[in-house]
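Participant: For reference, the structure I am asking about is given below.
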Amino acid sequence: MSLIFLWRRIHLGRNPLARGWDRIEAAILVGGVVTALLGVPLAAAAGSEAYATMMARSALETATRHSTTAFLLEDAPPARVGLDGIPSAETASVAARWALPDGSFREARVTADLGASTGDSVTVWLDESDAVVDPPVMPLDATSTGIGVGVGVWLIAVTLLAAGYLLARQLLNRARAAAWDREWERFGQDSRS
């Protein structure tokens, strides 16, 4: 329904003042809007594919990683406080120790918040060989990635369409100006005769 309104709004019909260039510009604009609307399902498909990929990664990482509690063996660097009085959310690599399922202990550098003290506990994620790894991708991360990809793809497409329209309009304006110059020149020659 809105496309019909848009077409009626910009359609030049039989207006004797409408030039061919104006009709071309109107057609480009309508074509761009239709293409942008048709791009929504394509962007949604791209977002859906990104979501599915991240969910598969999440399932794999959740199945192959487990968390344990580690205790810091040293103090982390002091926390930095911003001008607004809020401590920063930065982290640092700090030595820590944790127990493995077989009863042995392992020590390695782990990520801890700035300002953490010796003996503080931190959650450490381990893979199947008990090596320290990043936390698994969570379903919420997959959702936000899918939405971000879908919206990003559509915005890039709309930006390219808008740039194409503006470029076409610039070229059409040059053609219109050249046509006006020719008409004025012809008018000047006719008025002298």
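The values are calculated or read from the model by the stated rules, or taken from the named source; none is laboratory data. A quick note: this is a predicted structure, and the numbers were derived from the prediction, not measured. No Cβ is skipped: glycine too gets one built from the backbone with ideal geometry, and neighbour counts run over all protein chains shown. Side chains are part of the model used for accessible areas, which takes the heavy atoms of the whole protein and leaves out ligands, DNA and RNA. Shrake-Rupley method; radii C 1.70, N 1.55, O 1.52, S 1.80 Å.
Participant: Collect residues whose amide H, placed 1.01 Å from N in the peptide plane, falls under 5 Å from the amide H of residue 110; neighbours closer than 5 in sequence don't count.
Facilitator: Under 5 Å from the amide H of residue 110 lie the amide H atoms of 94, 95, 96, each far enough along the sequence or on another chain.
Participant: Next up: Would you please give the residues with an amide H less than 5 Å from that of residue 138, counting only those at least 5 places away or on a separate chain, with H modeled from the backbone geometry?
Facilitator: The list, which skips near neighbours in sequence, is empty: none.
Participant: Sticking with this structure for a sec: Considering only 131, 44, 110, whose Cα is most displaced toward the positive end of the charge dipole of the chain, charges sitting on Cβ of Lys, Arg (+1) and Asp, Glu (-1)?
Facilitator: Of the candidates, 44 comes out farthest on the positive side.
Participant: Using the Kyte-Doolittle scale, find the helices of the chain whose mean hydropathy is at least -0.5 and whose Cα atoms extend 27 Å or more along the helix's long axis, counting only whole DSSP H runs.
Facilitator: In the chain, the long hydrophobic H runs are 20-64, 139-192.
Participant: How much length, in nm to one decimal, is gained on full extension between residue 64 and residue 143, taken as 0.36 nm per residue of separation minus their Cα-Cα distance?
Facilitator: Length difference between fully extended and current span is 26.4 nm.
Participant: Is the shape of segment 51-165 rounded, prolate or oblate, going by the alpha carbon gyration tensor and its root eigenvalues a ≥ b ≥ c, with a/c under 1.5 for rounded and a/b larger than b/c for prolate? Kindly include the intermediate steps, with their values, before the conclusion.
Facilitator: Values: a/c = 4.23, a/b = 1.58, b/c = 2.67.
Since a/c reaches 1.5 but b/c is at least a/b, the shape of segment 51-165 is classed as oblate.
Participant: So, with a 1.4 angstrom probe, what is the percent of accessible area on segment 46-95 that is carbon and sulfur?
Facilitator: Heavy-atom surface of segment 46-95 belonging to carbon and sulfur, 1.4 Å probe: 61 percent.
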